[in-house]
Each structure stands twice: as structure tokens, then as C-alpha cells.
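Working notes, beginning with the structure itself.
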Amino acid sequence: MSLRTQISSALLVWVGLISSAVLADEGEFYVAPGLQWMDFDDTTGLREDVNYFLGIGYDFTDRLSFELSTFDLDTKVSGGPEIDIDHYKLDLIYDLGVNLGAFDTFVLGGVGNSKFGGENDTLWDIGGGVSYKISDNWSWRTTVRSFQYIGRDHEDLDVGIDTALVATSLVQQWLGQQLLQLQQPTRIQIEMVC
């Protein structure tokens, strides 16, 4: 299947999922700090690496979320210098509604950008994972992703695993405080000089 066909198929699935989400109630914002591990395609010569992962998302429904995330890696070319990799992506996450014991299952897909030591590469990612609900406001999740780069003159496939602690309560409380501060009237003192 060509890359264009894969992207078109993913977009059609997104449209179908989003159209049902529009009718749902408003959800919650969340933050997801964690770790990212990457195993780079053998053709790149890059060594695997682990570093931080940070996602900020919004639950449109109890099954559909959007997440903007980033990770930073400092890997090395075998026998060569260290390469800084800065990565950003926007993903659609869909809960399958299928449980594996105490774990919920989900799939995701999205587009992003990786900056490899100064060179920018656009990519798409697709994957799946499991999440475990710790409480009403906390959950833990792990995702396995495949990263495909768009527009490279060669095809390589990188695989990543990220794990994160997802917190909804902290973000909701902070946003609530910010909104309350905006609604408070401010007093302005005016001095008249005679």
C-alpha cells in the first residue's frame, strides 16, 4: 500500500471518528509526562535512546482525544557524533472499548515533525497501546508507535515506545483557577491632581 493511500485511509477514519465526537459532551484537558524510547531503522546508523516525553491533550469524549506531544533524544551515529533530535506531533487517540483485564486498549495516529541535528523531517505515526486507570483523575499508559518519514529519498521505519502518567485533575484545577482570576473585577485607582 502506498504512503498516499495510507495517509488518505487514516484521514477518512479520523473524519468518521470526529463526526461522532462532535455530538458528545465536552471533555477534559490532561497532561501526560513520561519516557520515550526509540529504536531507529538500521539504515540510519542511529543508536536507540531514551529521554523525556510530554503530552498535553483534550478528551472530546470518554473514547476520543487529541494530544500534542514532544520528546527530545540525544542519540549517536555508530562511531560518530551525538545528534540532537527534537520531535513534535499531534495525534488522535481512540479508545477501542475493548478491555484486557484491567487494561483499556486504544489506537492512535497523527502527524509530526522531527528535527535531526538541524534537518526537519515531516512524519506520520500510527500505533496502539494500553492504559490502566489508577483513579478518576490518574491513569498510566504505554504506547507502541511506528514512525514513517514523508519525503525522504529512502524509506526507513523507526519504532518508539512511550509510557506516561496521565493527570486530568491537575490541569482542570489549574485552568479553573486561571478562569476565576480572569473573572475577578480589577480595581483601578485614579488620582486626581489639582
Out of the residues in region 33-73 that are over 18 Å from TRP138 (Cβ atoms) and aromatic (Phe, Trp, Tyr), state the one that is surrounded by the fewest Cβ atoms within 10 Å (Cβ to Cβ). TYR52
Residue satisfying condition, being assigned to a loop (DSSP other than H, G, I, E, B) and touching an Asp or Glu at 6+ places or on another chain (Cβ under 8 Å), within set ASP84, ASP72, ASP91, ASP62: ASP62
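Residue-wise test of (1) touching a Ser or Thr at 6+ places or on another chain (Cβ under 8 Å); (2) closer than 17 Å to THR163 by Cα.
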position	(1), (2)
LEU96	yes, no
GLU119	no, no
GLY128	yes, yes
TRP138	yes, yes
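Being closer than 14 Å to ARG145 by Cα and without any contact (Cβ under 8 Å) to a residue 24 or more places away in the chain is the requirement here; does VAL130 meet it?
no
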Have a look at ASP86, ASP41, ASP91, ASP62 and point out the one that is at pLDDT 75 or above, out of contact with any helix residue (DSSP H, G or I) (no Cβ under 8 Å at 6 or more places or on another chain) and more than 27 Å from THR105 (Cβ to Cβ). ASP86
Write out, first by first residue and then by second, each pair whose Cβ atoms fall under 6 Å of each other, whose residues are 6+ apart or on separate chains, and whose first residue, in region 65-80, is without any contact (Cβ under 8 Å) to a residue 60 or more places away in the chain while the second is open to solvent by 30 Å² or more (accessible area, probe 1.4 Å) and not in a strand (DSSP E or B). THR75/ARG47; LYS76/ARG47
As an exercise: evaluate LEU123 against (1) open to solvent by less than 30 Å² (accessible area, probe 1.4 Å); (2) modelled with pLDDT of 90 or more and give the number of the one condition it does not meet. (2)
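The values are calculated or read from the model by the stated rules, or taken from the named source; none is laboratory data. Computed from a predicted model, the values in this text were never measured in an experiment. Virtual Cβ from ideal backbone geometry, glycine too; neighbours counted across all protein chains shown. For accessibility, only protein heavy atoms count, side chains too; no ligands or nucleic acids. Shrake-Rupley method; radii C 1.70, N 1.55, O 1.52, S 1.80 Å.
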